[in-house]
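Step one of this worksheet: look at the structure below.
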Amino acid sequence: MDLITVIVASVLGSLAVLITMGIGIFFCCFYWKKRRNKKSGPDEMEPLQVGKAPSGSKQGTGNETVKDLTRHNVEDRPQQTALRLLPPLPGSVTTQAVPQQVELSDISGKEGTSGNNVGAISFLHSLLPSAEQQEAAADLAREMSEPDEPAGQIQFSLEYDIYSSLLTLKIIQAKGLPAKDITGTSDPYVRICLLPDKKHKLETKVKHRTLSPRWNETFYFEGYPLAKLQKSILYLHVFDYDRFSRDDPIGDVYLPLAQVDLSKKPTFWKCIRPAEDSKLGEILITLLYIPRTSELSITLVKARNLKAKDITGFSDPYVKVWLHRGEKRIEKKKTEVHKKTLDPIFNETFQFVVPWEHIRETSLAIIVMDFDTVGRNEAIGKVVLSSRSGPTEAKHWGDMLSKPRTPISQWHRLKTF
């Protein structure tokens, strides 16, 4: 019995040792395999590496130049939501396509050949959304923002019954409306709809000869469940009634209902955005700033409703862009001339090098000019973008700084000098 006990104990002990060694070997293999996969896996900085370094790059090991460039691109490229190359538009000016492997000196805006400048512009151009997306985003932002010079204010209230899916709107009053008649007054009324539905429109009564009308009228929108209502935008359009001619638009108000807490039965005073009657026109601008490389790029997308400067009823517009640091002019760029049009499509991107420590004192002066073959070129209007400009311009500049590496588009009204 003693011998058998010894043998059994030895066998069990040997099995325990073998099992322990097996478990240890298994965990060692698993840990080794995991480290090997981690080392051999693709580096998160490498996906943008494409081909060999350009022939003009500095010689070290050819791949080192590309690797440095791809790391720079991954860290500083804009957010990837709906970004693609700007498609060529009719009448637009396009830059020559270049390979994606661009020298780092091209992108940073340092001195180089003209080919390098084209490469930098093409690189920045590829980061921007399409022209249609820029325009739509700018239009939406402009409509939702508070106007610089409102055409008065309007007061209204909202109430919602979730059980009957009924929205109740009460147009109460307005004040500070502009005079549209020669008598120094207006005959205002309000046209109402819930966007995106443009077919069903409601109107208040006309209040004659007043700039501070009181309507106190209630309107009902039936069949609007909460999910549908939160996708709707309340649109109020104020008009001046004219008996013998077309009614003059005074201005409008947009209110996304998703931003409203309808359970509190809110009452609003909203500034009225003036009607589009700008005499000089507007220009759509996209700004992009990359702090790491000090790159400030401006894209002049298009302009609309420019003032005619020629006897033909058109203009030959082009745009000059001045980079200012304080009161000092640093650098100038300009677009191509577009003949005989009041709605030019420029679609041109310019790049400036602005270190972060100088960004607060930097400004961009955008001047729309009319080209004349004989005589002096005439200025149509200008916009100055900086942190110290008007409310709209300063907001655009602030959005650019608060969202680095993200293209920010906005329409701006041209102003006189």
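The values are calculated or read from the model by the stated rules, or taken from the named source; none is laboratory data. Computed from a predicted structure; not experimentally measured. Cβ: placed from backbone, ideal geometry, glycine included. Neighbour counts: every protein chain shown. Heavy atoms of the whole protein, side chains included, go into the accessibility calculation; ligands, DNA and RNA do not. Shrake-Rupley method; radii C 1.70, N 1.55, O 1.52, S 1.80 Å.
Residues in the range 253-269 that are in contact (Cβ under 8 Å) with a residue 24 or more places away in the chain and either assigned to a loop (DSSP other than H, G, I, E, B) or surrounded by 19 or more Cβ atoms within 10 Å (Cβ to Cβ) (or both): Val253, Leu257, Val260, Lys265, Pro266.
Looking across the range 160-179, the residues that are out of contact with any helix residue (DSSP H, G or I) (no Cβ under 7 Å at 6 or more places or on another chain), in contact (Cβ under 8 Å) with a residue 12 or more places away in the chain and open to solvent by 70 Å² or more (accessible area, probe 1.4 Å) come down to Lys170, Lys175.
Scanning the range 171-218 for residues that are among the β-branched types (Val, Ile, Thr) and outside any loop (DSSP other than H, G, I, E, B) turns up Ile171, Ile172, Val190, Ile192, Thr218. Going through (1) closer than 28 Å to Leu385 by Cβ; (2) in contact with a His (Cβ under 9 Å, 6 or more places away or on another chain) one by one, Lys309 falls short only on (2). Within the range 243-252, take every residue that is open to solvent by 20 Å² or more (accessible area, probe 1.4 Å) and outside any loop (DSSP other than H, G, I, E, B) and give me the one that is nearest to Leu226 (Cα to Cα). The extreme case among them is Asp252.
Taken across the range 192-202, residues that are over 15 Å from Lys170 (Cα atoms) and among the acidic types (Asp, Glu) do occur, with at least one present. Filter the range 350-380 down to residues that are of a type outside the set (Asp, Glu) and assigned to a loop (DSSP other than H, G, I, E, B) and give me whichever is surrounded by the fewest Cβ atoms within 10 Å (Cβ to Cβ). In this case the residue turns out to be Val374. The set of residues in the range 169-197 that are modelled with pLDDT under 95, under 19 Å from Ala227 (Cα atoms) and touching a strand residue (DSSP E or B) at 6+ places or on another chain (Cβ under 9 Å) comprises Cys193, Leu194, Leu195, Pro196.
Say whether the condition of being assigned to a helix (DSSP H, G or I), in contact (Cβ under 8 Å) with a residue 12 or more places away in the chain, at negative phi and open to solvent by less than 40 Å² (accessible area, probe 1.4 Å) is met by at least one residue in the range 381-392. Checking the range 381-392: at least one residue is assigned to a helix (DSSP H, G or I), in contact (Cβ under 8 Å) with a residue 12 or more places away in the chain, at negative phi and open to solvent by less than 40 Å² (accessible area, probe 1.4 Å). Looking only at residues of the range 315-339 that are within 14 Å of Val368 (Cα to Cα) and more than 27 Å from the chain's Cα centre (by Cα), we find that the one that is surrounded by the most Cβ atoms within 10 Å (Cβ to Cβ) is Ser315. Within the range 304-321, the set of residues being assigned to a strand (DSSP E or B) and at pLDDT below 95 comprises just one member, Arg304. Residues in the range 194-242 that are basic (Lys, Arg) and either free of Cβ contacts under 8 Å to residues at least 12 places away in the same chain or open to solvent by 70 Å² or more (accessible area, probe 1.4 Å) (or both): Lys198, Lys199, Lys201, Lys205, Arg209, Arg214, Lys228, Lys231.
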